[in-house]
Amino acid sequence: MGAVPDAEGPARRFWVRFRKESVFAAYTPFVVCLASGRLELETFRHYIAQDVYFLRAFARAYEMAEECADDDDAKMSISELRKAILEEMKMHDAIVEEWGVDLTKESTPNLATVKYTDFLLATAAGKIEGGKGPIKIATPFEKTKIAAYTLGAMTPCMRLYAFLGKELQSFLDPGETNHLYKKWIENYSSESFESSALQTEELLDKLSISLTGEELEVIEKLYHQAMKLEIDFFSAQPIVQQTVVPLSRVQDPAEHQLIIFSDFDLTCTVVDSSAILAEIAILTAPKADQIGPENVNARKSSADLRNSWDALSSLYTEEHEQCIESIIPSEEAKVETFNYEGLCEALEQLSDFEKRANSRVIESGVLKGVNLEDIKRAGERLILQDGCPGFFQQIVNKKEELNADVHILSYCWCGDLIRSAFSSGGLNVVNIHSNEFTYEESVSTGEIVMKVESPMDKARAFKDVLSHSDNGKHVSIYIGDSVGDLLCLLEADVGIVVGSSSSLRRVGHQFGVSFVPLFTGLVKKQREFVDGDSSSWKGLSGILYTVSSWAEIHAFILGP
């Protein structure tokens with residue numbers, strides 16, 4: 001990952017807030033092909049010609065910002081940054097000459113380039129939109145703020161390029177001499193460029209010191225707008241070669257259905273649903289002194305329920321760890337080749353454990369007496385992982401266009417909680433496969449209809465959905481976070497792991513499963529694609545792909 005300034009100033013805060021969006025630039029066909037070293041020369045020539053317009057706009061914006069600054073140190077810093085841009089333009093001139101780019105033939109900027117350069121130069125000229133309309137620059141003092149606004153519109157681009165440079169550097173083999181874009185990558189991953197990016201961020205922080213909260217909000221808005229326009233710029237680069245991203249556009253919807261499966265607890269959610277359901281039961285239960293001796297059928301008191309739940313939770317955690325340890329007897333027993341059959345046998349132990357644990361919950365009566373309306377309200381307030389609802393919403397909105405379907409496979413005890421969590425965001429058409437509470441007049445009996453309580457149950461539900469897909473032709477994606485998802489993750493054409501479950505990785509490694517960062521896997525696929533090898537995704541390859549956020553999943557499947 002690219003570095004960020006040490007001080008907790010606006011530049012760092014803004015980058016942290018919007019860094020997930022940098023993923024959308026990295027996952028564009030242009031950057032993935034560039035990282036693979038197999039980007040078509042004509043595409044790179046076009047990009048270089050377009051980037052010249054960016055650099056010219058940067059040089060002019062620095063010049064305009066320097067005129068607005070009233071501090072000698074600030075003026076000097078802006079002047080130094082402008083000189084760095086001019087040096088970068090010299091590097092571009094060398095690349096232009098090396099690649100034979102004729103700027104007289106490619107002198108027209110494309111729409112994405114124009115949008116950013118117009119935005120930047122308008123900002124530097126003081127034509128800025130605030131929260132209440134255009135900001136009026138009436139006095140010399142107000143004019144000095146333009147320098148800060150201008151830096152706010154430039155800083156994310158510098159940081160984004162430094163971020164991409166560092167990301168792509170990892171794909172350069174020190175001994176490799178035929179990577180066509182080595183010089184470009186080395187420039188943006190260099191210490192000198194990182195220094196320029198940091199200098200820009202430090203200057204933004206300095207120019208922002210005297211600004212009000214409202215004026216900082218304007219800079220944040222400019223920063224975010226610049227980031228989005230930069231991503232649009234990378235997305236707009238014309239790619240004529242076949243690519244592996246975004247997946248939904250690579251696959252022909254007329255031939256293949258896109259079927260997306262996801263776990264729910266801790267994959268979509270921030271907290272586990274079992275704890276939420278138990279908390280509902282505890283909070284809605286009567287106090288001990290409210291239960292009379294004559295009412296023998298009354299619910300347990302909230303204190304008794306709390307004690308029961310704590311005991312059940314502790315026992316579950318202890319036995320789950322013991323079960324995992326029994327699956328992984330020793331490091332020496334680890335196999336190097338993918339052994340799916342051995343994994344299935346091992347997970348039968350986990351299946352038996354999950355069933356025993358669920359039986360204990362039912363027998364305890366902890367979930368008896370919970371009202372359906374309370375469950376629905378809890379679902380509506382359930383916090384989902386950042387980027388998860390937006391991803392599914394876009395899939396649902398484009399369901400027909402993409403020929404896509406979404407299925408949630410979950411151990412959750414109560415499907416109503418999941419349905420409420422998704423329907424509150426307008427996602428009523430997501431298919432839910434989970435367990436279900438039983439009710440009498442909208443009040444839970446404490447019994448649970450168990451449909452999905454083990455890895456084997458999930459795998460069966462997964463295969464059943466695929467068996468009913470259009471013409472049997474499909475591309476399946478499974479997104480999960482735990483050992484219970486392993487079989488589905490491996491059976492899917494693309495298995496994506498979110499989170500950092502150590503038990504998932506330990507069990508996977510024990511049976512020869514490889515965990516590869518998704519972006520790394522895409523670059524490798526792109527190289528194989530161009531080399532003429534099959535780039536199709538196929539299940540049971542023994543490879544799972546890891547991501548750090550839902551933004552990566554969104555960028556990979558749907559693009560920006």
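Where a number appears in this text, it was derived from the coordinates with a stated rule and is not lab data. Because the structure is predicted, anything quoted here is derived from the model rather than measured. Note that we place each Cβ from the backbone using ideal geometry, even for glycine, and neighbour counts take in every protein chain shown.
Miscellaneous remarks
- Ranked by how many other beta carbons lie within 10 Å on average, peptides 81-89, 158-166 from highest: 158-166, 81-89
- Unit Cα scatterers, Debye sum, the chain: log10 I(q)/I(0) for q = 0.08 Å⁻¹: -0.67
- Legend: calculated FRET efficiency, Lys538 to Asp272, from the Cβ-Cβ distance at R0 = 30 Å, rounded to 0.05, equals 0.40.
- Considering only beta bridges that DSSP places wholly inside the chain, some 25 percent are antiparallel.
- Sequence ranges 279-286, 550-557, ranked by mean other-Cβ count within 10 angstrom, highest first: 550-557, 279-286
- Relative to the longest principal axis of the Cα atoms of the chain, the long axis of helix 372-381 lies at roughly 20 degrees.
- Residues Arg506 and Ser210, FRET efficiency given R0 of 45 Å [Cβ-Cβ distance, rounded to 0.05]: 0.25
- Principal-axis tilt of helix 111-124 within the chain, Cα atoms, nearest 10 degrees: 70
- Entries of Lys463/Lys524; Lys458/Lys525; Lys20/Lys473; Lys221/Lys398 with Cα pairs more than 30 Å apart: Lys20/Lys473
- The chain: relative contact order as a whole-number percent, Cα under 8 Å and 6+ apart: 18
- Gln322-Asn397 pseudo-label distance in nm [points 7 Å out on the Cα-to-Cβ vector]: 5.0
- Where labels lie 7 Å past Cα in the beta-carbon direction, separation of Glu345 and Ser442 in nm: 5.2
- Each of Ser190, Thr200, Thr117 was placed along the dipole of the stretch 10-241 (beta-carbon charges, centred on the mean Cα), and the one lying farthest toward the positive end is Thr117.
- What separates the Cα centres of the stretch 20-66 and the stretch 159-201 is a distance of 13 Å.
- Rounded tilt (10° steps) of 455-467 against the dominant C-alpha axis of the chain: 70
- Lysines whose Cα lies under 21 Å from that of Lys300, excluding same-chain neighbours fewer than 8 positions away: Lys287, Lys368
- Spatially, the stretch 482-515 and the stretch 247-266 are offset by 19 Å when compared through their Cα centroids.
- Given charges at beta-carbon only (K, R positive; D, E negative), |dipole| of the chain in Debye: 1000
- Over the stretch 10-241 - Rg/Rh using Cα atoms and the Kirkwood inverse-distance radius: 0.97
- Modelled label positions at Thr284 and Arg381, each set 7 Å beyond Cα in the direction of Cβ, lie 1.3 nm from each other.
- The ranking of Val475, Val271, Val547, Val443 from fewest to most other beta carbons within 10 Å of each one's beta carbon is Val271, Val443, Val547, Val475.
- Sites Thr520 and Ser359 - FRET efficiency at Förster radius 30 Å, r taken between beta-carbons, to 0.05: 0.10
- Under 17 Å from Lys75, Cα to Cα: aspartates and glutamates that are on another chain or at least 8 residues apart: Glu63, Glu66, Glu67, Glu142, Glu201, Glu202, Asp205
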